[in-house]
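Engineer: Here it is, the structure in full.
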Number of protein chains: 2
Amino acid sequence: MQPQIEAEVSERLRGTGLRLTPGRRRVVAALTDAGGPRTAAEIHAHLRRRIPLSSLYRSLAVLEESGVLASHHGSGPQRKYELAEWLRGHHHHLVCLGCGRIEDVELDDQAERTLHGLAGEVAAGSGYAASGHRLEIEGLCGGCG
Amino acid sequence: MQPQIEAEVSERLRGTGLRLTPGRRRVVAALTDAGGPRTAAEIHAHLRRRIPLSSLYRSLAVLEESGVLASHHGSGPQRKYELAEWLRGHHHHLVCLGCGRIEDVELDDQAERTLHGLAGEVAAGSGYAASGHRLEIEGLCGGCG
DNA sequence: TTCCTTGCAAACGATTTGCATTGGA
DNA sequence: TCCAATGCAAATCGTTTGCAAGGAA
């Protein structure tokens, strides 16, 4: 995990009296390396099972409550975790319908502005005040195509 | 549920030797009325609990396997079901961060073309062949804003 | 009569929690 | 010393399944 991320996470946790322990550091590092959202089981495997699942889930919960991680469900029954946008940067997801792989992608500035504007207009049309948007692009990855 | 939807669903089920039973019809009707994706528990409540949960889940599974429904997870732990696009039409979702409400929205043709093109380009840039896209717009609804 | 469908209860997988212990500041 | 963090086991929640009874074609 990059040192600046580690420092930011540590500071964020300290703000509520929490600690960036070795276990939590490894969880954040695993997600920093991942390149996309990952399930608890995937993180657990990546860490070579050196953390009990219950502790891993507790770390994930603490990190999510602290705003370090964000989670959502994909198509499967397991929750997927990723670094929050303020750490990872704004991005979207490519979902391979063949192998289930999910990958982060960033839009170039112009495309992002277009999307942002479009989302704001659509929301306003239904009486919503838009604050964010998420795009999932489904298709076949290079290996499955 | 609109008669044409009922007929299409019935025919789709018959194609694999399945039946559109009263229970299944009520499930489809509940989702036709809903205006957005709903969890099994929400559908169950809407049907006044007149169907055991296990039967409801079985109906949902059959309807999804037959391509009548699609399901995905949102931010919560429960799966959400909605009519498949060939019945409901292509659309996106507005998510209220205040009350959790999720609503369908349709883009106008131009916006949809823009989004479609953008998704295709982004996917190609990562070696993916795009076949679909899903946009979730987060914000505050009229009541929560 | 055949096979789909339903209801009930039990099973299941993912995630959470109680409790006692460990360990950092 | 105090409170957060951990490990283990048990509990919980949403969902699925086995099995026997009911019902349509």
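Quick note: the coordinates plus some simple rules give every number you see, no bench work behind them. Predicted model, so just to flag it, every value in this text is computed and none were measured. Neighbour counts run over all protein chains shown; Cβ positions are idealised from the backbone, glycine included.
Engineer: Using the alpha-carbon atoms, what tilt in degrees (0 to 90, nearest 10) does helix A:109-125 show relative to the longest principal axis of chain A?
Structural biologist: 70 degrees
Engineer: Sticking with this one: Select the chain A residue whose beta carbon lies nearest to the rotation axis carrying chain A onto chain B, and write the distance in whole Å.
Structural biologist: A:His73, 1
Engineer: Now, a different point. Going 7 Å from Cα along the Cα-Cβ axis for the label, what nanometre distances separate A:Gly125 from the same residue across the other copies?
Structural biologist: Taking the point 7 Å beyond Cα along Cα→Cβ, the inter-copy spacings are 2.5 nm.
Engineer: In addition: For chain B, take the longest principal axis of its alpha carbons; what is the angle in degrees between that and the long axis of helix B:3-14, to the nearest 10 within 0 to 90?
Structural biologist: 80 degrees
Engineer: Here's something else I'd like to know. Name the residues whose placed amide hydrogens come within less than 5 Å of the amide hydrogen of B:Ser131, ignoring near sequence neighbours (fewer than 5 apart) on the same chain.
Structural biologist: Distant-sequence amide H within range of B:Ser131: A:Glu138, A:Gly139, A:Leu140.
Engineer: Going by alpha carbons, how many degrees (0 to 90, nearest 10) lie between the helix axis of A:53-65 and the longest principal axis of chain A?
Structural biologist: So the inclination is approximately 50 degrees.
Engineer: Hey, another quick one. B:Arg14 versus A:Arg19, label points 7 Å from Cα toward the beta carbon: distance in nm?
Structural biologist: Between B:Arg14 and A:Arg19, the simple spin-label model gives 6.9 nm.
Engineer: Using only atoms on other chains, find how many Cβ atoms lie within 10 Å of each Cβ of peptide A:112-121 and report the average.
Structural biologist: Going residue by residue through A:112-121 and averaging, the value is 4.
Engineer: Under the rule that a partner needs its Cβ under 4.7 Å from the first Cβ, which Cys of the protein assembly as shown have none?
Structural biologist: A:Cys99, A:Cys144, B:Cys99, B:Cys144
Engineer: State, to one decimal in nm and shortest first, how far the label point of A:Glu65 sits from each corresponding label point in the other identical copies (label point: 7 angstrom along Cα-to-Cβ).
Structural biologist: Nearest first, the other copies' label points are 4.1 nm away.
Engineer: Whose amide H sits under 5 Å from the amide H of B:Thr21, counting only residues 5 or more places off or on another chain, with H placed in the peptide plane?
Structural biologist: none
Engineer: Sticking with this one: Just checking the output field for B:75-82: average partner chain Cβ neighbours within 10 Å of each residue's Cβ?
Structural biologist: Mean partner-chain Cβ count within 10 Å for B:75-82: 2.
Engineer: Here's a follow-up. Of all DSSP beta bridges in chain B, what percent run antiparallel (nearest 5)?
Structural biologist: Of those bridges, close to 75 percent are antiparallel.
Engineer: Can you list, shortest first and in nm, the gaps between the label point of B:Leu53 and those of its counterparts in the other copies, using a point 7 Å from Cα in the C-beta direction?
Structural biologist: 2.0
Engineer: Can I ask one more? Let me understand chain A better: what is its radius of gyration from the alpha carbons, and its Dmax, in angstrom?
Structural biologist: Final numbers for Rg and Dmax: 16.8, 50 Å.
Engineer: What is the set of long-range amide H partners of A:Thr39 at a cut-off below 5 Å, with H atoms built 1.01 Å from backbone N?
Structural biologist: The list, which skips near neighbours in sequence, is A:Tyr81.
Engineer: Quote the FRET efficiency, to the nearest 0.05, computed for B:Asp33 versus A:Ser131 with a Förster distance R0 of 30 Å and r equal to the Cβ-Cβ distance.
Structural biologist: Working: r = 28 Å, r/R0 = 0.95.
So the FRET efficiency works out to roughly 0.60.
Engineer: Something else now. Under the rule of -39500 (n - 2.57) per DSSP H run of 4 or more residues, summed and divided by the residues of chain A, what mean residue ellipticity at 222 nm is obtained, to the nearest 500 deg cm²/dmol? Mind showing how you got there, number by number?
Structural biologist: Values: 6 runs with 66 residues, N = 145.
Helix-only estimate at 222 nm: -14000 deg cm²/dmol.
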